[in-house]
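Chemist: Handing you this structure, nothing more for now.
The values are calculated or read from the model by the stated rules, or taken from the named source; none is laboratory data. Here the structure is a predicted model, which means the values were calculated and not measured. All Cβ positions, glycine included, derive from the backbone under ideal geometry; neighbour counts span all protein chains shown. Calculation scope for accessible area: heavy atoms of the full protein, side chains included, ligands and nucleic acids excluded. Shrake-Rupley method; radii C 1.70, N 1.55, O 1.52, S 1.80 Å.
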Amino acid sequence: MIMTHPGLPENWAWLVMAGMLVGGIWLLLASVPKSPRMRVISLASVPLLGPVVRKLAASRGVLLLLKVLTVLVFLLVIVAGLFGTPIPERNLATLLTWNLWWSGLILSVFFLGSAWCAICPWDTLAQWLVRHRLWKRVDSGSSLNLRVPRWLASVWPALFLFVALTWLELGVGITTSPYATAGIALLMVVLATASLALFQRKAFCRYFCPVGRTIGFYSQLSLLELRPIDGDTCARCTTLECYHGSDTIEPCPTWLVMGRMQQNTYCLSCGNCGQSCPQQNVAWRIRPPSVEALHSARPHWDEAWFMIGLLALTGFHGLTMMPFWETWMRKLAQVIGDSGQLLWSFSIGLVAVMAIIAALYAATIAITKAISHSRLDFKRLFSTFAFVALPLAFAYHMAHNLNHLVREGSGIGAVFANPLGIDTAPLSMMEKHARSMHMWLSQDTLFALQALLMLLGFWIAVQVIRYRGGALLEPGSRWSRLRLLPLLGFAIGITGFHLWLLMQPMIMRM
Ligand code: SF4
Ligand code: SF4
């Protein structure tokens, strides 16, 4: 018998729908300012906190300590996965990786941006293996230092790997196998190491890592950004240590110049720029989470596809956790003559959901182009408005993962006490029930947060339509706003679908 978590109650859903109605009307009626007013607070200038932030941004010790700790936990996950019990809910590898880390990671991006990448054990181990140093700069170590070929230098490889990871996670079901979980973790280290051994800087993080790119795109909507404290200091700088590195500090691993940073997408929060800047001119700032999606992030074709891919895959992820998914798959399997693990049926479902979302979005853009008589070509419009998809995907992903984290995280203490699950038996129904009842937040708080996240995602999407759609509007003509209706319809449709998913009972992961 499978256990399910209750879905979002109807009254919360009505509240979200009322918010969407208000947001939609406001989009059509309110005037659009030329550029959004965004206030940022530099943590470096906050009394008392400022000096600590500057010190942290320029220090290597704290980061190194955190990296060592993460590597130790990662090694424990590998040992538990390879040598521990195969019972997923009793093994640290599966419980920590899928219930805690993956769920918590997506939520952490909202508050801390790409902080995970700063302490990522895959990259840390790859660095140690190829550079043969704990942290000091080495020009190439054992690396061939090749340029990444043009055909690989985009986020297409990361999108492809993200689809593959989803297939392994939900289709093959590695989330319920400690052994396979350890295997995939080791594979990430191998890929990061091979890339570092072949290519310049951190090509794996910049182009290939599905987790890093997911974090990178979502961190466009983070509350935190790493930026210059004083823009003029960067403008006057001729040495660009942030980009080239210093005698002891590595250069920016993803080829960024701090003084020209407009978006978080490719920043790994590694801290190299802060440590190498001779003026100590780099610090974290708190900002409105919509700033990049609204105007500062630049649209690109491959990145637009990554964002649409994220939207499709997060919705697909939710669908597969619904009790009716299994029935759908069985019916499809009967039709196509699939048997066993139903991998063909699952693969068809995955491709179909991705194709439907991509086709819906492409149709929205085609209609918008037709009714607005825009001079911008289809590709340009497709890339520009993909920023509408990003907050919708991120908000649902957070709301869904929050459910997992709050309801399924309670067993973590027990698996840390016995990481290999020695002499344990599978959880009984009673224990599963007790675990799901022992929530980290009250159920009402969880529902309120989920509803709030849905509203936040929709609100940012509407704002993106307003600002990025401004170019399609004739100045002074109120009726020209109607040209934004297809995009508004897309945002309403996707949010409605996500809301419906949240209202369904969700299968407990383990
Ligand atoms: S991009 Fe991937 S490999 Fe690189 S630091 Fe981030 S999570 Fe780790
Ligand atoms: S060096 Fe580059 S990747 Fe690292 S924190 Fe600075 S901008 Fe981000």
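Chemist: So what is the relative contact order for segment 41-286, in percent, with contacts set as C-alpha pairs under 8 Å and at least six apart?
Modeler: Dividing the mean separation by the residue count of segment 41-286 yields 28 percent.
Chemist: What ranking, highest mean first, results for peptides 108-120, 168-180, 336-348 when packing means the other Cβ atoms within 10 Å averaged over each residue?
Modeler: Packing proxy ranking, top to bottom: 108-120, 168-180, 336-348.
Chemist: Please flag any cysteine in the chain that has no other cysteine's Cβ under 4.7 angstrom from its own Cβ.
Modeler: Flagged as lacking a Cys partner: Cys117, Cys120, Cys205, Cys209, Cys234, Cys237, Cys252, Cys267, Cys270, Cys277.
Chemist: In µm²/s, what is D for segment 1-125 at 10 °C and 1.306 mPa s, where D = kT/(6 pi eta Rh) by Stokes-Einstein and Rh is the Kirkwood radius from Cα pairs?
Modeler: 80
Chemist: Amide H neighbours of Ala283 under 5 Å, at least 5 residues apart or on other chains, H built in the peptide plane: list them.
Modeler: For Ala283, whose amide H was placed from the backbone, the distant partners under 5 Å are Arg227, Ile229.
Chemist: Okay, moving on. Taking the Cα centre of segment 41-286 as origin, work out the dipole magnitude from +1 charges on Lys and Arg Cβ and -1 charges on Asp and Glu Cβ, in debye rounded to 20.
Modeler: The dipole magnitude comes to about 380 debye.
Chemist: Give me the percent relative contact order of the chain, please, defined on Cα pairs under 8 angstrom at least 6 residues apart. Present the calculation step by step, with values, prior to reporting the outcome.
Modeler: Values: 789 pairs, mean separation 129.0, N = 510.
Reported relative contact order: 25 percent.
Chemist: Considering only Ile119, Phe162, Pro149, whose Cα is most displaced toward the positive end of the charge dipole of segment 108-164, charges sitting on Cβ of Lys, Arg (+1) and Asp, Glu (-1)?
Modeler: It is Pro149, whose Cα lies furthest towards the positive end.
Chemist: Can you compute the modelled spin-label distance between Arg133 and Thr424, with each label point 7 Å from Cα toward Cβ, in nm?
Modeler: Going from the Arg133 label point to the Thr424 one covers 4.1 nm.
Chemist: Step through the residues of segment 281-292 one at a time and calculate ³J(HN,Hα) from phi using the Karplus curve (6.51 cos²θ - 1.76 cosθ + 1.60, θ = phi - 60°), rounding each to whole Hz and writing x for Gly and Pro.
Modeler: Working through the residues one at a time gives 9, 10, 7, 7, 10, 9, 8, x, x, 8, 4, 6 Hz.
Chemist: Output the DSSP H helices from the chain with an along-axis C-alpha extent of no less than 27 Å and a mean Kyte-Doolittle hydropathy no less than 0.0.
Modeler: Span-like helices in the chain: 10-29, 61-83, 178-198, 301-320, 343-372, 378-408, 443-468.
Chemist: Taking the radius of gyration and the Kirkwood hydrodynamic radius from Cα positions alone, what is the Rg/Rh ratio for segment 41-286, to two decimal places? Intermediate results must be reported in sequence, preceding the final value.
Modeler: Numbers: Rg = 18.4 Å, Rh = 18.8 Å.
Ratio value, two decimals: 0.98.
Chemist: Working out 0.36 nm times the residue gap between Ser246 and Val62, then minus their Cα-Cα distance, what length gain in nm do you get to one decimal? List each step's numbers first, then the result.
Modeler: Numbers: separation 184, 0.36 × 184 = 66.24 nm, distance 1.94 nm.
Extra length from Ser246 to Val62 when fully extended: 64.3 nm.
Chemist: Ok, one more. Hey, can you find the accessible area per residue of the chain for me, probe 1.4 Å, expressed in square angstrom? Provide the component values of the computation, followed by the final result.
Modeler: Numbers: 22680 Å² over 510 residues.
Each residue of the chain exposes 44 Å² on average to a 1.4 Å probe.
Chemist: So, one more: Percent relative contact order of segment 396-510, based on C-alpha pairs within less than 8 angstrom and at least six residues apart?
Modeler: Normalised by residue count, the contact order of segment 396-510 is 36 percent.
Chemist: Report, in cubic angstrom per residue, the convex hull volume of the C-alpha atoms of the chain. Provide the component values of the computation, followed by the final result.
Modeler: Details: hull volume 86.3 nm³, N = 510.
For the chain, the hull spanned by Cα atoms encloses 169 Å³ per residue.
Chemist: Using a basic spin-label model with each label point 7 Å from the Cα along Cα→Cβ, how many nm lie between Leu107 and Ile286?
Modeler: Spacing of the two 7 Å Cα→Cβ label points: 1.9 nm.
Chemist: Another question, then. Would you check the chain for Lys pairs whose C-alpha atoms are within less than 28 Å, ignoring same-chain pairs closer than 8 in sequence, and give me the count?
Modeler: 9
Chemist: Determine the share of the chain's accessible area contributed by carbon and sulfur atoms, expressed in whole percent, with a 1.4 angstrom probe.
Modeler: Roughly 67 percent, rounded to a whole number.
Chemist: Next question, about the same structure. Run through every distinct alpha carbon pair of segment 355-510 and return the Kirkwood hydrodynamic radius in angstroms, one decimal place.
Modeler: Answer for segment 355-510: a Kirkwood hydrodynamic radius of 18.4 Å.
Chemist: For the pair Lys55 and Leu29, what calculated FRET efficiency results from E = 1/(1 + (r/R0)^6), where r is the Cβ-Cβ distance and R0 = 35 Å, to the nearest 0.05? The partial results should precede the final answer.
Modeler: Numbers: r = 49 Å, r/R0 = 1.39.
In this case the efficiency is close to 0.10.
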